[in-house]
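As structure tokens, the structure follows; a few thoughts come after it.
The values are calculated or read from the model by the stated rules, or taken from the named source; none is laboratory data. Just so we're clear, the structure is a prediction, and the values are computed from it rather than from any experiment. Cβ: placed from backbone, ideal geometry, glycine included. Neighbour counts: every protein chain shown. Ligands, DNA and RNA are stripped out before the accessible areas are found, and what is left, the full protein with its side chains, is counted by its heavy atoms. Shrake-Rupley method; radii C 1.70, N 1.55, O 1.52, S 1.80 Å.
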Amino acid sequence: MTQSTATLVYDIRDCRYLNITGRCTLRCQFCPKHNGSKQVHQYQLDLKRQPQAEEVIALLGNTADFTEYVFCGYGEPTLNLATLLRVATEIKARGGSVRVNTDGLGNGFHRRNILPELATCVDSLSISLNADTQAAYERHCQPKLSGAYAALLDFIKLAPHYIADVQVSAINGLEGVDIEACRNMVEVTGAQFKQRTLGVVG
């Protein structure tokens, strides 16, 4: 598969999703890509390289046709930060709304606080918490970065200070995860809690 035939944008309901990287800071055991599938609905999201901003901008379409643009694929979008910021800035300039779905490890990966940069062009964040303890997180998510769980919790605490709409999710059905404990952890930060269902993607 060449990058020209790769799925860089895909539509679900009234949102356009932007697939800008196949790289990730986690190896979540519940992620379909670790079980042989890189498909969401009818879209194959496998990427051989990270696309440049102009490639994605060319596929944005009319912002009036979409409720929001969502950076989300089978990789962590903040790992292709330059493209994310450039494309999101263009969407905002055209009057569109931008959401980023993230594992919350961007600060750890880049070794700096990236939230001020995101705040210039991102309307909302969806952060995956996934577990209420470090042990459960490491078991289910298998992070590649040391200190990942502490970095994630710090990102969740910081995010509402920069971006008004922050949702933090956990998946009901993961063994050893207390959903209500996750809810309590999230709500004290000022973010909204979102419960997801194991096996439901997109």
If you take the residues of the stretch 165-196 that are of a type in the set (Val, Ile, Thr) and outside any helix (DSSP H, G or I), which of them is farthest from ALA135 (Cα to Cα)?
VAL166
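For every residue, the table says whether it meets (1) at pLDDT 95 or above; (2) under 23 Å from CYS31 (Cβ atoms); (3) of a type outside the set (Gly, Ala, Ser); (4) not in a strand (DSSP E or B).
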residue: LEU84; (1), (2), (3), (4): yes, yes, yes, yes
residue: ALA88; (1), (2), (3), (4): yes, no, no, yes
residue: GLY96; (1), (2), (3), (4): yes, no, no, yes
residue: ARG99; (1), (2), (3), (4): yes, yes, yes, no
residue: GLY108; (1), (2), (3), (4): yes, yes, no, yes
residue: ASN113; (1), (2), (3), (4): yes, no, yes, yes
residue: LEU125; (1), (2), (3), (4): yes, yes, yes, no
Condition set outside any strand (DSSP E or B) and within 30 Å of GLY147 (Cβ to Cβ), scope the stretch 54-75, selection modelled with the lowest pLDDT: answer is TYR74
Can LEU125 be described as more than 20 Å from ALA170 (Cβ to Cβ) and either among the aromatic types (Phe, Trp, Tyr) or within 18 Å of the chain's Cα centre (by Cα) (or both)?
no
Here's a check for you: in the stretch 54-85, which residue that is under 17 Å from THR21 (Cβ atoms) and among the charged types (D, E, K, R) is surrounded by the fewest Cβ atoms within 10 Å (Cβ to Cβ)?
GLU54
Consider only pairs whose beta carbons are under 8 Å apart and that are at least six residues apart or on different chains; among these, list those whose first residue lies in the stretch 4-22 and is more than 15 Å from LEU79 (Cα to Cα) and modelled with pLDDT under 90 and whose second residue is open to solvent by 30 Å² or more (accessible area, probe 1.4 Å) and of a type in the set (Lys, Arg).
ALA6/LYS48
Kindly evaluate ALA150 against the criterion of being open to solvent by 80 Å² or more (accessible area, probe 1.4 Å) and either β-branched (Val, Ile, Thr) or farther than 20 Å from PHE30 by Cα (or both).
no
